[in-house]
Each structure stands twice: as C-alpha cells, then as structure tokens.
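Below you'll find the structure, written out as structure tokens, and then a few comments.
Values quoted throughout were computed directly from the atomic coordinates according to the rules given, and no laboratory measurement underlies them. It should be emphasised that the depicted structure is a prediction, and the values quoted were computed from it without experimental measurement. Cβ sites come from the backbone with ideal geometry, for glycine too, and all protein chains shown count toward neighbours.
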Amino acid sequence: MAVSCPNRLRTVSRPMAFLVVGMALTCLPVARAQQPLPETHNGYIQSLEDPQRAEWQKPEEVLAKLGLKPGDKVADVGAGSGYFTLLFAKAVGPQGKVYAIDVAPEMLDYIRQRAQNNNIKNIQLLQALPHDPKLPPASVDMIFICDTLHHISERSTYYPLLIKALRRGGRLVNVDFYKKPLPLGPPLEMKIDKQDMITEAKSAGFHVVQDYDFLPYQYFLIFQQ
C-alpha cells in the first residue's frame, strides 16, 4: 500500500490508508457506479502507475521469479492501483484467482474499473481492516505484499492470519524498502530492516526459501512454513 515514485514521493507513503476500515467487497462482475476519485487518491494512483516505476520495481522480473502457474490462487495485500494485481491475474489465467486486498475502497474501485476495461474476470476485491486482510482460510497459494508491511503495526497478530489463509506449501512474499536513506520510499523510521523482518516471520513460523537482491531499493523475500 505504500509505494513511492522517483523524485515526487521522497518521504511520503500511503496517505492515511490504514485509517479506512470496512468489510469484504463484492466480486468484480457486479456493476457499481464509478465515482470520481479525490485529488489525493488521483495523485497516489499516478505515483503508483508512473512509467518510471518500472525502472526500479522491475515488475516483469519479479513476476518471473514468482513462477506463477495457471490455476494458482494469489492474494495481493496492499494492492493499491493494481500494479501487480493485473499481472498476477493474467499469469494465473481464467482458472486461477487473485484477491486484490486494500483498506481503501477508492483503490478497489479503481482496480475494478481497470479489470473491467481489460476484460479480466478472475480478480476478487476484498476491503481489509488494518489488522486483518480478511482472506478466507486455506484460500491461496501465495500471498504477495509489496511496500505495505511497514504500515502494519500489529504484525505479530497479522502473520498468523496470513498462515491461516495459505494452503499447504503456500508462499509468503514480501517486497519492501531497505532501511537506509533512499531517493524514494517512506521515511527511514517507518521502514522495516530486512533482517528484522526475517526474524519476525521466523517467529511466526515462516522460513526464507528465496532471497533476491536484483531490486535497487527493495529486498525481495519468499517464505514458506
């Protein structure tokens, strides 16, 4: 949920998103009137979808490392504008499913519209709570979290909810900013140190199976139980 774009978002992360609370939204095919987004949300979406982001986020390379297969079930926690959501939906195909999870209904409405415009029908929208992703038990093969975990203050109780949502052999993926001065991303004090994150996940029952370092500003970790 927190992503920055070069030059423009030097120290700004997702604006107040985790103050929004709600319950699960309906699936994409359900019609819903599209309301104009507030200017703050428009600016946030523009930063997420800035073409320059691909230079450092390397979405196609990330997708390749994840090795998703047709029929896989994926949760995109902190989906934002759907930057990765739509890529996942195409990768898992019509028999697969992607849960787009966000606390902000405006972001989910935006993903809904994008999916409809691209005739993508395998995305289900879930409006989460700050402390609960609202995923059904044993529902997904992979949980993907990009630039979001540092927003979650109650991580010790959040990890068990992720474990509950994963199928046997499922993976937890976390991509987040290194805890050091960077030209983009949230303030230093908000970031989670890579080793601290690994320790947290280990305490919850996860262990690292892949540790990629090709992203210039972010660590990229894959865990299993």
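Of LYS97/LYS191; LYS58/LYS191; LYS90/LYS191; LYS58/LYS194; LYS65/LYS90; LYS97/LYS202, which ones are farther than 23 Å apart at the Cα? Before the final figure, lay out the partial values.
Values: LYS97/LYS191 30 Å; LYS58/LYS191 20 Å; LYS90/LYS191 31 Å; LYS58/LYS194 19 Å; LYS65/LYS90 15 Å; LYS97/LYS202 28 Å.
From LYS97/LYS191; LYS58/LYS191; LYS90/LYS191; LYS58/LYS194; LYS65/LYS90; LYS97/LYS202, over 23 Å: LYS97/LYS191; LYS90/LYS191; LYS97/LYS202.
Figure the gain on full extension for GLN95 and HIS131 (residue separation times 0.36 nm, minus the Cα-Cα span) and round it to one decimal in nm.
Numbers: separation 36, 0.36 × 36 = 12.96 nm, distance 2.97 nm.
Difference between extended and current length: 10.0 nm.
Which of the peptides 97-107, 48-58 is most tightly packed, and how do the rest follow, going by the mean number of other Cβ atoms within 10 Å of each residue?
Working: 97-107: 25.6, 48-58: 15.9.
The densest-packed peptide leads the list: 97-107, 48-58.
So how much slack lies between GLN113 and ILE163, counting 0.36 nm per residue of separation and subtracting their Cα-Cα distance, in nm?
Working: separation 50, 0.36 × 50 = 18.00 nm, distance 3.03 nm.
That pair, GLN113 and ILE163, stretches by 15.0 nm at full extension.
Mind checking the full-extension length gain between GLU154 and LEU63? Use 0.36 nm per residue of separation minus the Cα-Cα distance, one decimal, nm.
29.9 nm
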